[in-house]
Every structure is written in C-alpha cells, then in structure tokens.
Amino acid sequence: DAKTTQPNSMESNEEEPVHLPCNHSTISGTDYIHWYRQLPSQGPEYVIHGLTSNVNNRMASLAIAEDRKSSTLILHRATLRDAAVYYCILRDARNNAGNMLTFGGGTRLMVKP
Amino acid sequence: KAGVTQTPRYLIKTRGQQVTLSCSPISGHRSVSWYQQTPGQGLQFLFEYFSETQRNKGNFPGRFSGRQFSNSRSEMNVSTLELGDSALYLCASSPASGSYNEQFFGPGTRLTVL
C-alpha cells in the first residue's frame with residue numbers, strides 16, 4: 001500500500017484557516033485520498049475524500065496537487081472543536097481491501113483560543 | 001438515524017480470560033470493521049465482515065476472531081487475554097464494502113487487561 005507522511009503536530013489560532021499537508025509520493029493512479037479525524041475520546045470520523053480534483057464539503061476542502069503526490073486538507077475557520085488528530089489515508093479503488101483503512105500517525109491539530 | 005453503538009463501553013479482565021465485544025451498525029449498513037487502538041501502535045485494522053462473511057483480516061493472531069449475524073450486528077472475541085491486548089476497540093460500519101465507502105465509527109470499547 002502507498003504510504004502517507006504527515007507532520008506530527010500543528011498549531012492554529014481559532015477562526016483562522018488551517019492547512020494540513022499530506023505527502024504521498026508513491027500514490028498510484030487508482031488511489032483515492034481520504035481524510036478522517038479523531039476528536040478526543042471519540043472514534044474517528046470521515047472528513048472528505050477525492051481522486052484528482054479539489055473537493056469541498058461542509059466540513060473542509062481538499063486540495064490535490066496536479067501530480068497527486070501531495071494533498072492539503074483545508075479547514076477554512078478553525079474552531080476549538082476542530083482540535084483532533086487528522087489522518088490522511090490512501091485507498092486503492094482496484095484492490096480487494098474492502099473497507100480496510102490503514103492509519104498512519106496522523107497530525108495532531110491544536111487550536112488556540 | 002442512530003449511530004454505531006458498541007457494548008460494553010468499558011471492560012476489565014485478567015490475563016488468560018476471554019472477552020466478547022459487540023457492535024451494532026447503523027441501520028441498513030452491511031459492512032462492519034473492527035480496529036484496535038493503542039498508544040504504541042496507533043489504529044490497526046483487525047477484520048471486516050460483510051454479509052456475514054469475513055472480507056479482510058489484519059495482521060493479528062488467531063486469538064482475535066469475529067463474526068457477523070444476519071442483522072449485521074457483529075461481535076469480536078479475544079481469547080487467552082494478554083496484557084498487550086489492553087486497548088480501545090473500535091467498530092466501524094458502512095453501507096457496502098469497497099474503497100470508496102465512508103466509514104462510520106462507534107465510540108469504542110475500552111478493554112483493560114490486568
């Protein structure tokens with residue numbers, strides 16, 4: 001499976017935008033880029049996913065580099081509730097891995113009031 | 001819709017015992033996956049069940065097993081508990097099985113092995 005690399009931690013001020021980077025230089029053409037986050041004392045929750053084009057939803061935006069070797073999760077206005085560990089995960093659309101998610105270490109986002 | 005529920009939420013066992021954890025997926029979801037989360041190893045995939053069949057299995061010893069019932073509820077069992085099995089066990093459900101599916105996680109069962 002292609003690997004992802006994320007910074008261990010990042011800090012942000014409340015109500016400012018946050019850009020969370022993810023490197024995936026060995027990504028294959030059929031790998032989807034998924035983001036999940038885990039709030040303290042909760043199970044992970046889905047944030048967003050994309051293949052090639054940038055994606056937006058109510059929670060965040062996903063910007064994917066043209067060569068797809070990196071992506072950035074964008075939280076437009078961080079709130080204290082966004083403090084969590086954010087995981088960038090690649091999922092191959094072709095293989096037989098079903099719903100298996102391979103989590104790395106993620107980025108711990110701290111939001112300062 | 002109710003979310004994914006896991007029971008019990010907390011459990012204390014001693015080494016050598018066995019334990020059964022339960023997961024009720026979101027209504028209509030047919031896929032249930034299990035994960036183990038520890039401070040040292042992070043989140044690791046245990047197995048996935050879809051329509052009562054194990055679809056995938058992670059790299060865990062045979063002491064870890066699971067099953068899924070016709071109503072999609074799932075149980076996982078750990079036999080001959082070891083101290084290292086202390087962890088948060090998370091279950092996730094999804095409508096179907098495939099790499100494009102969003103996973104919905106439950107709150108987890110915190111297992112402590114003494």
* Asked: Relative contact order for segment B:56-114 using alpha-carbon pairs under 8 Å, separation at least 6, rounded to a whole percent?
  -> 29 percent
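Pop the C-beta distance of residue A:32 and residue A:80 into the FRET formula with R0 = 35 Å and round what comes out to the nearest 0.05.
On the way: r = 30 Å, r/R0 = 0.85.
The computed FRET efficiency comes out at 0.70.
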* Structure fact -> Once amide hydrogens are built 1.01 Å from N within the peptide plane, the residues lying 5 or more places from residue B:55 or on another chain with amide H under 5 Å from its amide H are B:48, B:49, B:50
* To do: Would you kindly compute the Cα radius of gyration of the protein assembly as shown and its largest Cα-Cα separation (Dmax), both in Å?
  => 17.7, 53
* To do: Over the whole of A:43-53, what's the average partner chain Cβ count within 10 Å per residue? Rounded to a whole number, please.
  => 4
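Below 8 Å, C-alpha to C-alpha, sequence gap of six or more: please give me the relative contact order for chain B in percent.
Details: 293 pairs, mean separation 41.3, N = 114.
Relative contact order of chain B: 36 percent.
I need the per residue convex hull volume for segment A:57-113, using only the alpha carbons, in cubic angstrom as a whole number. All intermediate terms of the calculation are to be shown ahead of the outcome.
On the way: hull volume 6.9 nm³, N = 57.
That works out to 122 Å³ per residue.
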* Asked: With each pseudo-label sitting 7 Å past Cα toward Cβ, what's the residue A:94-residue A:52 distance in nm, one decimal?
  -> 1.5 nm
* Structure fact -> Two pseudo-spin positions, 7 Å from Cα along C-beta at residue A:63 and at residue A:5, lie apart in nanometres by 2.0 nm
* Asked: Just the Cα atoms of chain B: what Rg and Dmax do they give in Å?
  -> 13.2, 39
* Return the whole-Å distance between the Cα centroid of segment B:1-64 and the Cα centroid of segment A:71-112. => 21 Å
* To do: Provide the per-residue ³J(HN,Hα) series for segment A:21-32, in order, calculated from phi with Karplus coefficients 6.51, -1.76, 1.60 and θ = phi - 60°, each as a whole number of Hz, with x at glycine and proline positions.
  => x, 8, 9, 9, 5, 9, 4, 9, x, 9, 7, 7
* **Using a Förster distance of 30 Å, the FRET efficiency for residue B:83-residue A:15 (Cβ separation, nearest 0.05)** => 0.10
* To do: Counting only C-alpha contacts under 8 Å and six or more residues apart, can you give the relative contact order of chain A as a whole percent?
  => 37 percent
* **segment B:44-61 - phi-based ³J(HN,Hα) in whole Hz, Karplus 6.51/-1.76/1.60, Gly and Pro as x** => 10, 6, 9, 6, 10, 10, 9, 6, 6, 10, 6, 9, 8, 9, x, 8, 10, x
* At 7 Å along the Cα-to-beta-carbon direction for both residue B:71 and residue B:14, put a label point, then send me their distance in nm to one decimal. => 3.4 nm
* Sorted from largest down, give the three principal axis spans of the alpha carbons of chain A, whole angstrom values. => 43, 30, 24
* **Under-5 Å amide H pairs with residue B:5, H placed in peptide plane, nonlocal only** => B:24
* Asked: So what J values fall out for segment A:84-91 if you push phi through Karplus, 6.51 cos²θ - 1.76 cosθ + 1.60 with θ = phi - 60°, rounded to Hz, Gly and Pro as x?
  -> 5, 9, 9, 10, 9, 9, 9, 10
* To do: Scan around residue A:32 for amide H atoms under 5 Å from its own, H built in the peptide plane at 1.01 Å from N, and keep only partners 5 or more places away or cross-chain.
  => A:91, A:92, A:93
* **Shielding by partners - mean other protein chain Cβ count within 10 Å, residues of B:5-18** => 0
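Where a number appears in this text, it was derived from the coordinates with a stated rule and is not lab data. If you're wondering where the values come from, they're calculated on a predicted model, not measured in any experiment. When we count neighbours, we look across all protein chains shown, and the Cβ atoms used for this are built from the backbone with ideal geometry, even at glycine.
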